[in-house]
Amino acid sequence: MTTLGDNDQGQIGEDVFVRKPLQQGEGRVTYLVETGTVSIRRRYSDFTWLYKRLQTELPGAFVPIIPHTRTFHQKEFDSEFLETRRTNLERFLKGVFVVPEARAVSKSLLAFLKASNLETAKKIIEVNNPSILSDDDINSSTNNDGKEKVAKGITNLFAKAKTLTQTTFGNIDLEETEDEEDVNALKEYVTKMARHTKEMLMASAIILKTTSDKAVAMGAFAAPVAELKFSRDDYFGRENDWIKPMGHALIHTAQVSKAAGTILKEQHIQELVKFEHGLQLLALDIKAFQVALQTRRSLQVTFTTRGKQIADKEAAIQNPGKRNVDKLKGELVELERNKVLLGQRLNDCSERIVKEATRVLPQMDDAFQVCLEDFCKIQMDSATRLQESWTSLFVGLSGNNRKRRESSSVVANGESGAVPPIQVSHQSEENTDENSAESRMQTVRI
């Protein structure tokens with residue numbers, strides 16, 4: 001039988017990279033995983049398999065979540081999609097590599113990185129330790145056939161459901177570990193973080209939409225302002241000095257409005273890439289913590305259920321009218337053995353969660369700090385550029401207004417002899433592109 005070490009090549013390094021997405025047939029893409037001297041190609045499904053396996057092998061560990069980026073019925077992948085997925089997969093693996101026990105303990109990680117035939121390695125691993133947290137089968141001392149195993153699984157499922165119901169209504173308490181107080185405090189904090197982050201994401205969506213809408217509006221405002229200038233030219237005549245200051249003001253306003261729209265579009269992109277994406281990554285990390293806490297609770301429920309089953313079994317053995325006492329005693333021994341193993345697994349999970357919180361929470365704070373700093377920089381940069389544009393317009397408008405007052409004063413004093421006559425232009429729009437809206441807007445330069 002193939003073992004995990006068959007045809008292993010290279011040594012695992014301290015860091016890991018995911019590179020060079022390669023399409024190999026319809027809907028099939030592989031990614032090059034490189035670490036140390038290891039270089040091997042894996043599919044997206046291999047990454048998700050590893051994620052599930054780590055939940056089993058290291059319950060309570062902080063395992064980054066892989067965002068699901070595929071659309072339904074998608075067979076072809078564009079370069080942007082592949083790059084986004086590659087980035088997500090690399091972030092996942094880098095997060096796994098810094099889990100203290102991952103490289104030392106996880107057989108699944110070793111197989112993922114080094115097995116020449118991963119599908120065979122998967123089957124071996126699944127047989128020895130199923131991915132589903134099947135704590136009912138931990139080192140079971142009996143070799144149950146299929147039907148008996150299914151019946152036993154259904155019995156345990158109903159027993160756990162009963163425990164959950166009784167816990168919900170306060171009839172029983174779940175078994176606790178020495179770290180219970182720390183775990184409960186962490187759970188409360190993570191729950192609050194999840195709520196706050198969700199609210200921030202909702203607010204960020206409004207911020208991004210506001211920026212985008214304003215960018216579009218500024219561009220839409222520039223067009224009719226420029227058109228008004230050309231309409232005035234057509235009516236009053238382009239060579240009429242009396243209307244030139246206002247014409248310059250309109251063109252300048254259109255130019256600055258168009259520039260403002262461009263600045264706001266760039267701001268929207270930066271807000272999307274650096275701010276909202278940063279919040280989304282934070283939300284995923286919080287969810288990873290919630291998964292670890294949920295794994296522990298599942299173990300806690302199973303452990304408590306096993307204790308109740310042992311009590312029920314002991315009561316049944318003491319019942320003088322009960323038959324098959326020897327069989328009941330055998331089942332009791334197995335339950336007790338299983339509970340000991342579950343207790344160790346629960347304690348390990350609790351300790352791991354507390355340690356992971358000490359390691360990961362400061363990193364999450366640092367990431368959030370960077371996210372906020374990026375948001376501030378984006379707002380400051382955009383505000384500075386907008387202020388420069390609007391200031392130049394204001395100065396220009398003030399100068400144009402002064403010229404208009406001077407022109408009006410000259411006319412009022414009769415120095416020009418009379419109010420400049422209106423020179424109506426009768427140029428045919430069919431005879432020149434200069435009068436078309438498109439050519440006119442081309443004169444509006446940023």
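Of note:
- If you take all other residues with their beta carbon under 11 Å from the beta carbon of Gln270, and give Lys and Arg +1 and Asp and Glu -1, the sum is -2.
- Listed pairs Lys187/Lys339; Lys52/Lys329; Lys52/Lys198; Lys192/Lys355 exceeding 28 Å between Cα atoms: Lys52/Lys329
- Alpha carbon convex hull of segment 17-130, projected area averaged over orientations, nm²: 7.3
- Extension gain, Gln280-Lys20: 0.36 nm per intervening residue step, less the Cα-Cα distance, totals 91.1 nm.
- Protection proxy ranking of 254-261, 200-207 - average other beta-carbon atoms within 10 Å, highest first: 254-261, 200-207
- Equivalent ellipsoid, segment 172-325 (semi-axes from 5 times Cα gyration tensor eigenvalues, Å): 74, 13, 9
- When peptides 311-320, 178-187, 95-104 are sorted by average Cβ neighbour count within 10 Å, with the highest value leading, the order is 95-104, 178-187, 311-320.
- Take every Cα pair under 8 Å whose residues are at least 6 apart in sequence, average their separation, divide by the length of segment 17-130, and the relative contact order is 26 percent.
- Value of Rg to Rh for segment 337-399, rounded to two decimals, is 1.63; Kirkwood radius and Rg both from alpha-carbon coordinates.
Bear in mind these aren't lab numbers, they're just calculated from the coordinates by the rules spelled out. Treat the numbers as computed from the prediction; the structure is a model and nothing was measured. Methodologically, a virtual Cβ is constructed for each residue, glycine included, from the backbone with ideal geometry; neighbour enumeration extends over all protein chains shown.
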